Amino acid sequence: MGDLSKNFNRSEFACKGKNCCGHSAAVHPDLVDALQALRDRIGKPLSITSGFRCNRHNQAVGGAEQSFHTLGMAADVSCPAGVSPDALAVIAEEIPLFREGGIGVYASWVHLDVRQSGKARWRS
Ligand SMILES: [Zn+2]
Ligand SMILES: [Zn+2]
């Protein structure tokens with residue numbers, strides 16, 4: 001049982017930067033709702049490799065200046081065994097908050113965000 005939802009804990013979203021914000025974790029409730037819906041559909045644990053990023057950490061990893069990670073509205077999710085990034089993205093399209101938000105497909109993970117400024121899709 002997570003402290004944010006059935007399967008997710010706030011600590012999973014904490015900033016992973018060193019010597020930056022003290023690992024604070026701003027998490028938008030829409031992001032938690034959408035990730036939980038995705039987790040329920042996949043039926044496997046989802047590992048968040050990057051959730052909230054403070055501005056300093058975001059700069060350190062070369063994130064976009066207006067990255068939704070800095071707003072607690074984005075998560076990079078590594079693919080569970082047997083699920084390709086493309087397959088994960090297709091399932092994410094079934095979740096309205098992600099369908100109307102951002103989905104980026106990378107080699108072994110997928111970026112998901114719940115932006116409300118219009119949908120965005122990209123591939124690395
Ligand atoms: Zn930080
Ligand atoms: Zn991302």
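Observations
- The condition of being aliphatic (A, V, I, L, M) and in a loop (DSSP other than H, G, I, E, B) holds for only one of ALA81, ALA87, ALA75, that being ALA81.
- Residue in the stretch 9-17 that is touching a Cys at 6+ places or on another chain (Cβ under 7 Å) and either in contact (Cβ under 8 Å) with a residue 24 or more places away in the chain or in a strand (DSSP E or B) (or both) present: yes
- Taken over the stretch 18-39, the criterion of being in a helix (DSSP H, G or I) and touching a residue at least 12 places away in the same chain (Cβ under 8 Å) is satisfied by ASP30, LEU31, VAL32, ASP33, ALA34, LEU35, GLN36, ALA37, LEU38, ARG39.
- Within the stretch 96-116, tally of residues that are within 17 Å of THR49 (Cβ to Cβ) and either in contact with a Phe, Trp or Tyr (Cβ under 9 Å, 6 or more places away or on another chain) or surrounded by fewer than 18 Cβ atoms within 10 Å (Cβ to Cβ) (or both): 10
- Answer residue from the stretch 1-54, given it is more than 16 Å from ligand 1 (Cβ to nearest atom) and of a type in the set (Val, Ile, Thr) and is least open to solvent (accessible area, probe 1.4 Å) among those: VAL32
- Residues that are over 20 Å from LYS16 (Cβ atoms) and either under 13 Å from the mean Cα position of the chain (by Cα) or within 16 Å of ligand 2 (Cβ to nearest atom) (or both) within the stretch 74-94 comprise PRO85, LEU88, ALA89, ALA92, listed in sequence order.
The values are calculated or read from the model by the stated rules, or taken from the named source; none is laboratory data. Since the structure is predicted, the reported quantities are computational estimates derived from the model, not experimental observations. Because the Cβ atoms are built from the backbone with ideal geometry, glycine has one as well, and the counts that use them run over all protein chains shown. Areas reflect the complete protein model, heavy atoms only, side chains present, ligands, DNA and RNA absent. Shrake-Rupley method; radii C 1.70, N 1.55, O 1.52, S 1.80 Å.
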